[in-house]
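The values are calculated or read from the model by the stated rules, or taken from the named source; none is laboratory data. As the structure is a prediction and not an experimental result, all values here were calculated from the model. Because the Cβ atoms are built from the backbone with ideal geometry, glycine has one as well, and the counts that use them run over all protein chains shown. Keep in mind that these areas ignore ligands, DNA and RNA; they rest on the heavy atoms of the full protein, side chains included. Shrake-Rupley method; radii C 1.70, N 1.55, O 1.52, S 1.80 Å.
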Amino acid sequence: MTTPQFAASDAMLVNPSTITAPAFTPAQMSTAVGVASAMITGYTGRSFVANASDTVTLTASADGFQLPQYPVTAITSVSILTDTGWVVCDPSTYSSDETGWVTMPMSAMNYMVELGSTTPAPLLPDYGWQVQVVYSHGYTTVPTDIAAVCTHLATQYLDNPFGSIEQKVGEIADRYAPQRAGDLEPWVTRILDRYADVGVA
């Protein structure tokens, strides 16, 4: 079996030492938690661990724009692309909520573009401006239900790392339930779906 490798930036949602599996080494438990964390972040599209300085480039509509990660804890800066480069917006021209929706009227965007440009910046195909945002997001403590799912999935991985439906050793055969073979159980998807929906946490 090839052991999955995780970059230092890959955040583990629970401490591997919390997994009660004495038959496994710390390295195996760390791998299991890494796999479980990657499954959760991949399914939800969210990074749950706090990030103090994330930068994204988005297209703003006439009403504003949606940041991809939430809860949003702070916005450091919002910049609009003009023909002469990025113009940093005055914080008074926008407001946000913890779900990551940033309200920024088109009139404010036009004003900021005019400040930093000799000619109007070209509108993008959907008639919005290109914005670059530096912001902080995530939880200082991973939500309890997400931590529970991570622990559950990590334990499943340790029990059946190949995602097998059936395993046979000599004359003894173990048959795994579909969930044990890699499918997510309904109660797990119900929890993850809540976090995958923007605005629900």
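At-a-glance table
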{"quantity": "Residues of segment 50-66 with amide N under 14 Å of the 7 Å Cα→Cβ point at D90", "calculated": "none"}
{"quantity": "Carbon/sulfur fraction of accessible area - segment 6-59, other protein chains in place, 1.4 Å, %", "calculated": "58"}
{"quantity": "Residues whose placed amide H lies under 5 Å from that of S77, excluding near-sequence neighbours", "calculated": "V134"}
{"quantity": "Label-point separation, Q132 to S61 (7 Å along Cα→Cβ), nm", "calculated": "2.5"}
{"quantity": "Segment 32-102: equivalent-ellipsoid semi-axes (sqrt of 5 x gyration tensor eigenvalues, Cα, Å)", "calculated": "28, 13, 11"}
{"quantity": "Net charge of Cβ neighbours under 13 Å - reference H137; Lys, Arg +1; Asp, Glu -1", "calculated": "-2"}
